[in-house]
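K.L.:
Okay, handing you the structure first.
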Amino acid sequence: DLPADEAMSRFDTWLKDNNFNKKRDTIWQRGTKDTDWLSSLFMTCGWIFDQLPIGWYRVRDLRTAVDVLGQSAKLNGYPDNVDELRTMIPDYKQHDSKSDIMLEALILRQAGVL
């Protein structure tokens, strides 16, 4: 529970501490809205669009990658073996941010993207 401007400042600091480079590093998101929401929140907190720490040109959608790379017969953005991948994550919990990130990293690795 932080004020929005403090949360965004901490997020920016975290990106810098982890050597994130918006011109080099890719942001993977499941769907198309996450970075839109982050960018909007940054600008609501007074950031100027050109100074945002996330480059819109380096954002990719995991669902599209899964479907285009032939990982899903259903074209639903989940690989056909998603249940098997979930078992590879210790203490997997659905809709848990840590579990979700680990699952998406496994999906991208399986697709040959990571």
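K.L.:
Find all pairs meeting these conditions: Cβ atoms under 7 angstrom apart; at least six residues apart or on different chains; first residue within the stretch 78-105 and within 21 Å of residue 67 (Cβ to Cβ); second residue among the small types (Gly, Ala, Ser).
P.N.:
78/72; 79/72; 80/72; 80/73
K.L.:
Restricting the search to the stretch 47-73, which residues are over 20 Å from residue 106 (Cβ atoms), open to solvent by 60 Å² or more (accessible area, probe 1.4 Å) and of a type outside the set (Ser, Thr, Tyr)?
P.N.:
Of everything in the stretch 47-73, those that are over 20 Å from residue 106 (Cβ atoms), open to solvent by 60 Å² or more (accessible area, probe 1.4 Å) and of a type outside the set (Ser, Thr, Tyr) turn out to be 47, 48, 49, 50, 51, 56, 58.
K.L.:
Right, something else. For residues in the stretch 91-109 being modelled with pLDDT of 95 or more and surrounded by fewer than 15 Cβ atoms within 10 Å (Cβ to Cβ), which is nearest to residue 63 (Cα to Cα)?
P.N.:
Only one residue tops the list, namely 93.
K.L.:
Looking at the stretch 46-96 only, could you name the residues that are within 17 Å of residue 32 (Cα to Cα) and part of a helix (DSSP H, G or I)?
P.N.:
Answer for the stretch 46-96, where residues must be within 17 Å of residue 32 (Cα to Cα) and part of a helix (DSSP H, G or I): 56, 57, 58, 62, 63, 64, 65, 66, 67, 68.
K.L.:
Quick check on this structure: which one of 80, 100 is of a type in the set (D, E, K, R) and closer than 25 Å to residue 14 by Cα?
P.N.:
Among 80, 100, only 100 is of a type in the set (D, E, K, R) and closer than 25 Å to residue 14 by Cα.
K.L.:
So residue 4 clears everything in (1) closer than 19 Å to residue 100 by Cβ; (2) open to solvent by less than 50 Å² (accessible area, probe 1.4 Å) except one condition, right? Which one?
P.N.:
Residue 4 satisfies every listed condition except (1).
K.L.:
Name, by its number, the condition in (1) within 13 Å of the chain's Cα centre (by Cα); (2) part of a helix (DSSP H, G or I); (3) among the basic types (Lys, Arg) that does not hold for residue 10.
P.N.:
Here residue 10 clears every test but (1).
K.L.:
Sticking with this one: With respect to residue 83, is the statement that it is out of contact with any Cys (no Cβ under 7 Å at 6 or more places or on another chain), surrounded by 14 or more Cβ atoms within 10 Å (Cβ to Cβ) and of a type outside the set (S, T, N, Q) true?
P.N.:
When the stated conditions are applied, residue 83 does not pass them.
K.L.:
Right, another one. So which residues in the stretch 19-46 are surrounded by 13 or more Cβ atoms within 10 Å (Cβ to Cβ) and touching a residue at least 40 places away in the same chain (Cβ under 8 Å)?
P.N.:
Within the stretch 19-46, 28, 30, 45 meet the criteria.
The values are calculated or read from the model by the stated rules, or taken from the named source; none is laboratory data. Since the model is a prediction, treat every value here as computed from it, not as a measurement. For neighbour counting, all protein chains shown are included, and Cβ atoms are generated from backbone atoms with ideal geometry for every residue, glycine included. Accessible surface is based on the protein model in full, side chains and every heavy atom, while ligands, DNA and RNA are left aside. Shrake-Rupley method; radii C 1.70, N 1.55, O 1.52, S 1.80 Å.
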